[in-house]
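Chemist: So that we are looking at the same thing, I have put the structure below in structure tokens.
Laboratory data are not the source of any read-out in this text; all were calculated from the coordinates shown. Everything numeric here is computed off the predicted structure, so don't read it as measured data. Cβ placement follows ideal geometry from the backbone for every residue including glycine, while neighbour counts extend to all protein chains displayed.
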Amino acid sequence: MAKILFIVSGATYWVLKDGTRHATGYWAEEFASPYKIVTDAGHDVVVATPDGVTPNVDMMSLRPAMAGGAQGALDLEAIIRSAEVMRRPLKLSDVRLEDYDAVYVPGGHGPMADLAFDADVGRLLTAQLASGNPLFIVCHGPAAMLATRIHGVSPFMVEDRNLVTGQNPASAAVLAKRLLEVLKAKSPQVRSTSGKPAQGNGPSPHRPH
């Protein structure tokens, strides 16, 4: 099975143009849906954040109006609560890309406050693009690409070589299913539990944040 790195914002607020602070974080659906889909398929997820801080969910994303109803909000909250990896994230500075088969970046406004300016994010995403391995980013997550200083990478992309981006929170599940397809196609190369390559057989209407 594959090992997937989730690069998640550690921001709790972002500063607006007038200098006021606005509470923020990662968008619940954009973490929870892909996390459940890939872990239910048997893959491992590791979370990394700037300085290893515990990610903060944007509480707006858990409002029933933003989560497809009251039950949808409860389901997202349950997935997040069950995700132990969110309580023990790695420091981005400690991440070794060679340990992972794919990278995923969820959105929310959080990435605009920290990932967009983080040198380790720039290093990791630049290397991931160069490696040819899957890089999946959703909604506001492409703000993290600003840290790479690579010109010509647009947040409106759908799929370009190994980079795949999604438009909005509802795109997160679509991206996760596409990631499973990519991993399946690469299955002979997906690393085993020993860390060595395994052998054998291997958009919907935008909901504003």
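Chemist: What is the distance in Å between the Cα centres of segment 18-79 and segment 85-99?
Modeler: About 18 Å separates the Cα centre of segment 18-79 from the one of segment 85-99.
Chemist: Hey, another quick one. Taking neighbour counts of Cβ atoms within 10 Å as a proxy for exposure, in what order, fewest first, do Leu97, Leu179, Leu62 appear? The partial results should precede the final answer.
Modeler: Working: Leu97 15, Leu179 25, Leu62 19.
So the ranking, lowest neighbour count to highest, is Leu97, Leu62, Leu179.
Chemist: Could I ask something else about it? For a distance above 22 Å, tell me the whole-number percent of Cα pairs in segment 3-189 that qualify. Intermediate values should be presented prior to the final figure.
Modeler: Values: 6938 of 17391 pairs.
For segment 3-189, the fraction of Cα-Cα distances above 22 Å is 40 percent.
Chemist: OK, next. Can you sort Val138, Val53 from fewest to most other Cβ atoms within 10 Å of each residue's own Cβ? Write out the running numbers ahead of the final one.
Modeler: Values: Val138 30, Val53 15.
Fewest to most other Cβ atoms nearby, the residues stand as Val53, Val138.
Chemist: Counting pairs on different chains as well as pairs 8 or more places apart, how many Lys pairs in segment 3-189 have Cα atoms under 20 Å apart?
Modeler: On the way: Lys3/Lys36; Lys3/Lys91; Lys3/Lys177; Lys3/Lys184; Lys3/Lys186; Lys36/Lys177; Lys36/Lys184; Lys177/Lys186.
The result is 8.
Chemist: Could you list log10 I(q)/I(0) for segment 1-83 at q = 0.14, 0.18, 0.24 Å⁻¹, which the Debye formula gives when each Cα is one point scatterer?
Modeler: Summing over Cα pairs of segment 1-83 leads to -0.53, -0.81, -1.17.
Chemist: Using Cβ counts within 10 Å as a stand-in for footprinting exposure, how do His140, His109, His43, His22 rank, fewest first?
Modeler: Values: His140 26, His109 23, His43 18, His22 11.
With the sparsest Cβ surroundings first, the list reads His22, His43, His109, His140.
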